[in-house]
């Protein structure tokens with residue numbers, strides 16, 4: 001029986017003008033071409049996907065707008081060209097990635113839209129490795145229709161860059177791929193969390209880059225020791241040696257010599273994460289404690305958005321009057337959505353304000369509301385990963401209403417034909433109050449709200465955040481994904497006429513899919529026994545079980 005190796009393919013959406021000269025793996029010129037409108041989003045699909053899997057993957061990636069001539073297929077021969085692991089045309093490739101250039105300062109943002117099928121590599125690990133390879137200011141979406149570890153996720157990026165005239169630096173490829181396996185090994189050896197290990201990797205890279213750019217000798221051992229001490233963390237001797245070797249290897253990459261690297265790391269990985277802040281917060285303050293706190297100095301307009309003083313004033317006004325702060329809490333997320341390039345200091349100030357709001361809310365309810373708040377954060381985060389198109393509908397609604405999903409509950413989603421209806425509710429442990437009913441038309445992107453008097457859906461007027469706080473707030477929100485005109489919810493229904501027209505087609509399709517599924521099942525059983533695979537699907541394992549396997553080959 002012939003063995004198959006299961007590999008993970010990737011894609012980048014960073015094309016360059018035909019006049020651009022070949023480069024070392026560095027996306028500065030590529031991004032310039034994107035900014036000048038000379039490139040488009042592209043998509044790479046695994047060569048082993050059947051027609052239905054391909055359609056499902058494209059929808060998961062939110063990439064239905066990508067033209068056929070901007071789509072490439074990644075097979076085993078392409079994988080072997082970069083990783084040199086003995087792969088050939090018999091290798092099966094399923095996973096796919098969509099990458100879209102973002103505005104300068106956005107950093108590298110990764111969304112794993114099928115986390116249940118990417119069992120080993122995390123968002124942050126992908127971010128770290130992509131930056132090592134030279135990527136900057138890009139949105140990356142990863143999807144797989146079957147469980148894989150995800151270790152080969154950068155391969156398609158290298159292939160597409162070279163296809164567009166970029167000279168791929170093999171040393172950078174090796175270091176970036178090795179970084180993925182290092183993170184997993186150290187997590188297993190030390191028990192540290194994914195965030196902690198990726199933070200270590202990020203800080204090591206920043207320290208190395210500073211030395212390289214200053215023309216100083218890189219002492220990997222001293223750098224790793226200093227990073228661990230600054231984070232008050234300890235690792236085993238073996239893990240320490242691995243980190244030292246990585247520091248020395250990273251010093252030889254183009255990324256280490258690039259002055260943009262430190263900024264990309266800060267923008268991509270080291271920005272404060274409110275969920276992490278909230279998870280570690282403890283409700284210890286009384287209302288009187290909060291009243292005694294002075295307002296921070298936001299006079300430096302280069303660091304602090306003009307809305308911050310007004311938001312803090314509004315908060316202390318609510319505290320004095322004993323009011324709930326749901327709308328203000330929501331507005332902090334609306335501001336971040338409207339301006340993805342807020343200064344780090346402004347983001348930190350927003351988190352500080354949210355923590356005060358958490359302390360205040362816990363005090364007036366005389367109960368810890370952390371679980372309730374965390375549940376909302378986790379709910380929208382899950383939707384953003386699992387269903388980017390639905391997340392986009394929710395975010396657009398939030399921008400137009402002020403109802404951020406981090407603060408309010410989006411529920412009761414139903415779809416008939418092209419119309420999706422849903423509610424926004426104010427949910428607390430004690431009650432659930434529906435605030436408004438909405439309807440979104442996927443065919444044209446129009447949003448409607450139900451008029452409470454007539455019961456009819458009417459066009460929604462734009463929410464003006466700045467007017468509420470008497471400051472100028474520019475809405476620079478750019479959709480993360482285009483909602484496909486044929487987007488369907490899992491529970492979508494059709495009108496009677498549409499159902500009758502398509503019933504015979506669905507029956508034929510179901511029979512075809514059933515036949516194909518039987519073929520795939522046999523193939524998957526064969527694949528699950530393979531050794532030395534970069535990305536092994538595990539047909540008979542849960543994603544959690546698959547994620548605990550230790551028999552993957554590191555690059």
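The values are calculated or read from the model by the stated rules, or taken from the named source; none is laboratory data. These numbers were taken from a predicted model, which means no experiment stands behind them. Don't worry about glycine lacking a Cβ; one is built from the backbone with ideal geometry, like all the others, and counts go over all protein chains shown.
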Test of understanding: among 259, 291, 206, which residue is surrounded by fewer than 14 Cβ atoms within 10 Å (Cβ to Cβ), in contact with a helix residue (DSSP H, G or I) (Cβ under 7 Å, 6 or more places away or on another chain) and closer than 28 Å to residue 122 by Cα? 259
Considering only the range 1-107, give the helices (runs of 4 or more DSSP H) lying wholly within it that have at least 1 residues that are surrounded by fewer than 20 Cβ atoms within 10 Å (Cβ to Cβ) and at pLDDT below 80. 28-35, 76-83
Among the candidates 415, 352, 359, 439, which residue alone is over 22 Å from residue 111 (Cβ atoms), without any contact (Cβ under 8 Å) to a residue 40 or more places away in the chain and not in a loop (DSSP other than H, G, I, E, B)? 439
Note on residue 273: of the conditions (1) touching a residue at least 12 places away in the same chain (Cβ under 8 Å); (2) closer than 23 Å to residue 398 by Cα, unmet is (1)
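Kindly indicate whether any position in the range 300-308 is out of contact with any strand residue (DSSP E or B) (no Cβ under 7 Å at 6 or more places or on another chain), under 30 Å from residue 142 (Cα atoms) and modelled with pLDDT under 95. Don't jump to the end; show me each part of the working.
Of the residues in the range 300-308, the ones out of contact with any strand residue (DSSP E or B) (no Cβ under 7 Å at 6 or more places or on another chain) are 300-308.
With the extra rule that they be under 30 Å from residue 142 (Cα atoms), the set shrinks to none.
No.
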Go through 301, 332 for me and flag whichever is not in a helix (DSSP H, G or I) and not assigned by TED's automatic domain parsing to the domain that holds residue 202. 301
Test residue 425 against the stated conditions and say whether it is part of a loop (DSSP other than H, G, I, E, B), farther than 15 Å from residue 482 by Cα and either at pLDDT 95 or above or touching a strand residue (DSSP E or B) at 6+ places or on another chain (Cβ under 6 Å) (or both). no
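Here is a yes/no grid of residues against (1) at pLDDT below 85; (2) touching a helix residue (DSSP H, G or I) at 6+ places or on another chain (Cβ under 8 Å):
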{"site": "453", "(1), (2)": "no, no"}
{"site": "473", "(1), (2)": "no, yes"}
{"site": "491", "(1), (2)": "yes, no"}
{"site": "504", "(1), (2)": "yes, no"}
{"site": "525", "(1), (2)": "yes, no"}
{"site": "532", "(1), (2)": "yes, no"}
Just wondering, is there one or more residues in the range 241-253 that are part of a helix (DSSP H, G or I) and farther than 30 Å from residue 111 by Cα? yes
So how many residues does the range 366-377 have that are in contact (Cβ under 8 Å) with a residue 24 or more places away in the chain, part of a helix (DSSP H, G or I) and over 20 Å from residue 334 (Cβ atoms)? 1
Check 229, 288 and return the single one that is more than 26 Å from the chain's Cα centre (by Cα), in a helix (DSSP H, G or I) and under 30 Å from residue 317 (Cα atoms). 288
Restricting attention to the range 112-140, and to residues there that are part of a strand (DSSP E or B) and crowded, with 24+ Cβ neighbours inside 10 Å, which single residue is modelled with the lowest pLDDT? 138
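Somewhere in the range 362-377, is a residue closer than 23 Å to residue 471 by Cα and either at pLDDT below 95 or under 29 Å from the mean Cα position of the chain (by Cα) (or both)?
no
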For residue 118, are the conditions met, namely being over 24 Å from residue 170 (Cα atoms) and within 15 Å of the chain's Cα centre (by Cα)? yes
Tell me which of these residue 453 doesn't satisfy, since it passes every other one: (1) closer than 28 Å to residue 62 by Cα; (2) surrounded by fewer than 17 Cβ atoms within 10 Å (Cβ to Cβ). (1)
